[in-house]
Amino acid sequence: TMMTGTFRSSALRFSRSRALVAQSGLDHILVQLYVAGGFTGDADGRDVLVRLGNVVIFDLSRPFHTQTTDFTNISLLVPRAHFEAVFDEPLGLHGLVLSQDRHMVAILAACTVAFTALAAWRIRARIA
């Protein structure tokens, strides 16, 4: 199952410990676009710094810890099998930050924001 959502929060500390990883049994990759704020953190030994406009990738079968500012992100939860079909070693993606300075990341970000806005509009139209 793939899921997407927009999340907003005031500053917080998040910890996905080894115990939580084992307990949850999730076998997914989390891709997040930060449309406001960002965070610093550690992805199983890899230092991570995410700023406005960056995309970050987390492997939910591995631990990570973050300390955020106030933020808004668009998150996409993707089954690992979809990544394994494209990448030889999806484990190497854990904690990878894609900078908004890369043209393809900027295009991906713009498409993601537009898709999210369209989806929200369609949901509101169905409810009304």
Review point. Taking Cα centroids, how far is segment 1-30 from segment 53-85 in Å?
Key: 8
Review point. Label points 7 Å out from Cα along the Cβ direction at Ala114 and Leu49: separation in nm?
Key: 3.2
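Using only Cα atoms, what is the ratio of the radius of gyration of segment 37-93 to 2.2 N^0.38 Å? Let's see the in-between values first.
Numbers: Rg = 12.2 Å, N = 57, 2.2 N^0.38 = 10.2 Å.
Against the compact-globule rule of thumb, the ratio is 1.19.
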Exercise for review: Quick one: divide the alpha-carbon radius of gyration of segment 1-43 by 2.2 N^0.38 Å and tell me what you get.
Suggested key: 1.34
Exercise for review: Compute the long axis of helix 103-127 from its Cα atoms, compare it with the longest principal axis of the Cα atoms of the chain, and write down the angle in degrees, 0 to 90, nearest 10.
Suggested key: 60
Practice item. Within segment 1-89, report the chymotrypsin sites (Phe, Trp or Tyr not before Pro) that DSSP leaves as loop and that have at most 14 other Cβ atoms within 10 Å. Key: Phe87
Point to revise | Cα→Cβ-extended label distance, 7 Å offset, between Met2 and Ala22, nm | key: 3.3
Review point. Can you work out the FRET efficiency for the pair Phe87 and Ile127, with r the C-beta to C-beta distance and R0 = 41 Å, to the nearest 0.05?
Key: 0.60
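Report the semi-axes of the equivalent ellipsoid for the chain in whole Å, largest first, where each axis is √(5λ) for an eigenvalue λ of the Cα gyration tensor. Kindly include the intermediate steps, with their values, before the conclusion.
Working: eigenvalues 107, 62, 53 Å².
Equivalent ellipsoid of the chain: 23, 18, 16 Å, largest first.
Each reported figure results from applying straightforward, stated rules to the coordinates on display, with no laboratory input. Computed from a prediction, not measured in an experiment: that's the story for all the values here. Ideal geometry is used to build each Cβ from the backbone, glycine not excepted, and the neighbour counts take in all protein chains shown.
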